[in-house]
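The values are calculated or read from the model by the stated rules, or taken from the named source; none is laboratory data. Keep in mind it's a predicted model, so treat the numbers as computed, not measured. Glycine gets a Cβ as well: all are built from the backbone with ideal geometry, and neighbour counts include every protein chain shown.
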Amino acid sequence: MDLLAQIDLWVLGTGLLSIALGLLVGLFFGAMPGLGLTIAITLLLPLSYSMSPVNAILMLLAAYQAAEYAGSISAITLGIPGTVMAAPILQDGRPMARNNSPGKALGYSLYASVFGGLVGAAMLILFSQPLSRFALTLGDSEFFLLGLLGLVAVTSFEAADPLKALISIVLGLLVGLVGLDIISGMPRLDFGIPQLFDGLSLIALVVGLFALSEAYFMMAGNMCAGHRVPSENLRITLTWREMRDSGKAAITGSGIGVAVGILPGVGSTVSGWLAYSAARKLSKTPELFGKGSPDGIVAPDAANNATVGGALLPFLTLGIPGSAAIAIISGAFIIHGLQPGPLLARNNPEFLNAIFLGFVVTTIGMFFVARTLNTGFVRLLVTPNVVLVPFVIMLSILGIFTFRAEFFDLWLALGISMLALAFRKLDYSIVGFVLAVVLAPIIETSFRRALVIADGDYTVFIQRPISAVLIAGMAVLVVYATLRTVRRDRAMLNKKEA
């Protein structure tokens, strides 16, 4: 065997190990109520620093895929969604588990998640090249408007209160501007602290926002809380006819998941509920929904995992994160000196092809890992918070410190976790804050470069047809958010009067 073949085998082996690690971590954290995919990705992010770029990204994507599915495990077996995205699955997954068997409901959930993941992968592979070529025709003004569109979408969809989402985004943009000015090279918003010259540590930021703040909430609850898990019929069993009968719901959910995933800042929380509603409208037996309908499990689960591929599409081709999880994964790109966007396919085609292939392998691997270990993961749900909280805090501190070996980052994460605690208590948007931090360099660089090229002429942002389309899209989202707020306030006023 020559050296080239040995290298290929080594790369293949380490890639598969990275995917396996991501799947195991994603399944565990996704299944545990209160943890979820953002914490899984956050805790793996520091580990990616010592890995090759391909292995690091594949590990994080594997955790993303697995956690999207695993939230359904606790929703079905305990009646407690492991993630927010699994809430629609609870509507029919829990009744089916009670009426028939948990294994049957887990089977529908797993098969639908794999199907949705494969559809998302297919869309990513088919449309990434055309979208990348189109993105190369865009100028700085269009990229500035694309970044703004992502933030407007978060304001319109993500939070119950658009004003609070807007405040969160403004704070995120300010945080994203900390460090050296991109044009003059002068430090700004650094308060004379040398560790802030390069901006805030992204790892300290996301660990504080998601992992540490969640640990505080878990400590505020019953630390010794445990759950009773049914031991009978946990084995996944699903016939070919049962899979075929739920095919329409799987296709519907996958289509909605991909479409919603492409919209920046919307994510699987929205796509799952949209898929559930669409499946009920298209079903021949809508009266069974809420009582254990297979379509009520299949549609939202397929949508959740199809959203992953959809969210990756604008990120890899335009550099615009489609969800908070993708925004965190962008940290791995930054760590390894990779810039997502239209030039990624041109400058790093081998890397992009490896990501596509690995994404398909991840989805198929999730099926076999989950099918083999599902019963074991169900058993892990009885782990009390008194064990989980120290585990999460220990991994958080270890991940923050090993990245730059700076004690300042530990204090930074602690301060950010206090901010996240206030955000969650007051219902501000953490997702909007994170996306704004990630998009701030793109928005600022594109805005200032466009003005420099146009000699300060602000009409550069409205001169091209694509700019008009993007501005119109933002206007539609603003009108939607305004109408939704008015309807909500009117409903609350009517309720008070009644």
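What to note about this one:
- Sole residue being more than 30 Å from Leu124 (Cβ to Cβ) and either modelled with pLDDT under 75 or assigned to a helix (DSSP H, G or I) (or both), chosen from Leu373, Leu410: Leu410
- Pair list, Cβ < 9 Å and 6+ apart or interchain, from the stretch 186-205 residues that are under 22 Å from Leu44 (Cβ atoms) to residues that are modelled with pLDDT of 80 or more and part of a loop (DSSP other than H, G, I, E, B): Gly199/Leu177; Gly199/Val178; Leu200/Val178; Leu202/Leu45; Ile203/Leu45
- Residue count for the stretch 449-482, restricted to those that are outside any helix (DSSP H, G or I) and not basic (Lys, Arg): 6.
- Restricting the first member to the stretch 25-54 and to residues that are touching a residue at least 12 places away in the same chain (Cβ under 8 Å) and within 20 Å of Leu410 (Cα to Cα), and the second to residues that are part of a helix (DSSP H, G or I) and charged (D, E, K, R), the beta-carbon pairs closer than 9 Å and six or more apart or on different chains are Thr38/Glu214; Ile39/Glu214.
- The sole residue among Leu110, Leu202, Leu180 that is more than 20 Å from Ile329 (Cβ to Cβ) and out of contact with any Pro (no Cβ under 7 Å at 6 or more places or on another chain) is Leu110.
- Note on the stretch 430-449: residues that are farther than 14 Å from Gln339 by Cα and in contact with a helix residue (DSSP H, G or I) (Cβ under 7 Å, 6 or more places away or on another chain) total 13.
- Within the stretch 62-113, the set of residues being in contact with an Asp or Glu (Cβ under 7 Å, 6 or more places away or on another chain) and at pLDDT below 75 comprises just one member, Met85.
- Restricting the stretch 35-56 to residues that are under 15 Å from Ser396 (Cβ atoms) and of a type in the set (A, V, I, L, M, F, W, C), the residue that is modelled with the lowest pLDDT: Leu35
- Matching entry among Met32, Met59, Met1 (being at pLDDT 85 or above and either surrounded by fewer than 24 Cβ atoms within 10 Å (Cβ to Cβ) or among the hydrophobic types (A, V, I, L, M, F, W, C) (or both)): Met59
Okay, residues lined up against (1) under 15 Å from Phe359 (Cβ atoms); (2) touching a helix residue (DSSP H, G or I) at 6+ places or on another chain (Cβ under 6 Å):
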site	(1), (2)
Ser113	yes, yes
Gly116	yes, yes
Leu126	yes, no
Arg133	no, no
Leu138	no, no
Phe144	no, yes
Gly147	no, yes
Leu151	no, yes
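- Selection status of Leu395, over 23 Å from Tyr49 (Cβ atoms), out of contact with any strand residue (DSSP E or B) (no Cβ under 8 Å at 6 or more places or on another chain) and in a helix (DSSP H, G or I): no
- The single residue among Phe144, Phe127, Phe134 that is at negative phi, buried (at least 24 other Cβ atoms within 10 Å of the Cβ) and either among the hydrophobic types (A, V, I, L, M, F, W, C) or part of a loop (DSSP other than H, G, I, E, B) (or both) turns out to be Phe144.
- Near pairs, Cβ below 7 angstrom, 6+ apart or cross-chain, from the stretch 414-427 (farther than 14 Å from Met218 by Cβ and among the acidic types (Asp, Glu)) to any residue that is at pLDDT below 85 and not in a helix (DSSP H, G or I): Asp427/Ala160; Asp427/Asp161
- Candidate set from the stretch 42-56 (those that are hydroxyl-bearing (Ser, Thr, Tyr) and within 18 Å of the chain's Cα centre (by Cα)); member that is nearest to Phe28 (Cα to Cα): Thr42
- Options Ile462, Ile466; residue that is within 24 Å of Thr317 (Cα to Cα), surrounded by fewer than 17 Cβ atoms within 10 Å (Cβ to Cβ) and free of Cβ contacts under 8 Å to residues at least 60 places away in the same chain: Ile462
- The stretch 318-358, subset closer than 28 Å to Thr77 by Cα and assigned to a helix (DSSP H, G or I), residue modelled with the lowest pLDDT: Ala324
- Among the residues making up the stretch 413-431, those that are part of a helix (DSSP H, G or I) and farther than 24 Å from Asp198 by Cβ are Leu421, Ala422, Phe423, Arg424, Lys425, Leu426, Val431.
- Within the stretch 276-297, residues that are closer than 14 Å to Arg94 by Cβ have Cβ atoms under 9 Å from residues that are among the polar types (S, T, N, Q) and not in a helix (DSSP H, G or I) in these pairs: Phe289/Ser283; Gly292/Asn100; Ser293/Ser283; Ser293/Thr285; Pro294/Ser246; Gly296/Ser283; Ile297/Ser246, counting only partners at least 6 apart in sequence or on another chain.
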